[in-house]
Amino acid sequence: RQVLDNGVKLGSRDLGSFLEENVESYTNPRPVFETTYLDDSVRISRDQDGKVFVYGKVSDCTEPTDYKGVDADLGVAKLLEGLNDSIFKFYI
C-alpha cells in the first residue's frame with residue numbers, strides 16, 4: 001500500500017492495450033460484475049465466477065473517508081499468531 005500511496009503506478013492498462021494492438025490472438029479480459037438485487041440499504045452482486053457479494057449501506061454520509069492515518073492490515077499478526085500456535089506454542 002505504501003508503494004502505491006507514494007505514486008507508483010501499475011501500468012496494466014497500458015500493457016493490455018499494447019498486447020491487444022500487437023498480439024492478434026490477445027484480447028483484454030472483460031470482467032463481469034452484475035447487480036442482481038438493489039434497494040435503499042442492500043446491493044447483491046455476482047462476479048463472472050458466480051461469487052456473491054453483499055453490500056450493506058451503513059451511513060447516509062457521502063463524504064469520502066480519509067484513511068491516511070490507518071495502517072494497512074496485511075494479516076501479519078494473524079500469520080504470526082498461527083505460527084506461534086502451530087510451532088512455538090509460546091503464551092504469555
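For residues that are more than 30 Å from residue 38 (Cα to Cα) and of a type outside the set (Lys, Arg), scanning just the range 49-72, find the one that is modelled with the highest pLDDT. Break it down stepwise before answering.
As a first pass, look at the range 49-72 and keep what is more than 30 Å from residue 38 (Cα to Cα): 68-72.
Add one more test, that the residue is of a type outside the set (Lys, Arg), and what stays is 69-72.
Details: 69: 85, 70: 81, 71: 76, 72: 76.
Looking at the filtered set, the residue picked out is 69.
Filter the range 73-91 down to residues that are basic (Lys, Arg) and farther than 30 Å from residue 33 by Cβ, then give me how many there are.
Initial filter on the range 73-91 (basic (Lys, Arg)): 78, 89.
Imposing the further condition that a residue be farther than 30 Å from residue 33 by Cβ reduces the set to 89.
Here the count works out to 1.
Here are 19, 38, 10, 15: which of them is under 18 Å from the mean Cα position of the chain (by Cα) and either among the hydrophobic types (A, V, I, L, M, F, W, C) or on the phi > 0 side of the Ramachandran plot (or both)? Outline the logic, then answer.
Numbers: 19 fails: under 18 Å from the mean Cα position of the chain (by Cα); 38 fails: under 18 Å from the mean Cα position of the chain (by Cα); 15 fails: under 18 Å from the mean Cα position of the chain (by Cα).
None of the others qualify; the one that does is 10.
For residue 17, work out the one condition from (1) more than 29 Å from residue 75 (Cα to Cα); (2) in contact with a strand residue (DSSP E or B) (Cβ under 8 Å, 6 or more places away or on another chain); (3) not aliphatic (A, V, I, L, M) it doesn't fulfil.
Failing condition for residue 17: (2).
What strands (runs of 3 or more DSSP E), lying completely within the chain, carry at least 2 residues that are of a type in the set (D, E, K, R) and open to solvent by 90 Å² or more (accessible area, probe 1.4 Å)? So that I can check it myself, show each step before the final result.
Details: elements: 33-38, 42-47, 52-56.
Hits in the chain: 42-47.
Any residue in the range 36-47 that's closer than 17 Å to residue 59 by Cβ: show its pairings with residues that are open to solvent by 60 Å² or more (accessible area, probe 1.4 Å) and outside any strand (DSSP E or B) at Cβ separation under 6 Å, as long as the two are six or more apart or on different chains.
41/57
The values are calculated or read from the model by the stated rules, or taken from the named source; none is laboratory data. The shown structure was predicted, so the numbers you read here are calculated from the model rather than taken from an experiment. All Cβ positions, even for glycine, are placed from backbone atoms using ideal geometry, and neighbour counts span all protein chains on display. SASA here: full protein model, heavy atoms, side chains in, ligands and nucleic acids out. Shrake-Rupley method; radii C 1.70, N 1.55, O 1.52, S 1.80 Å.
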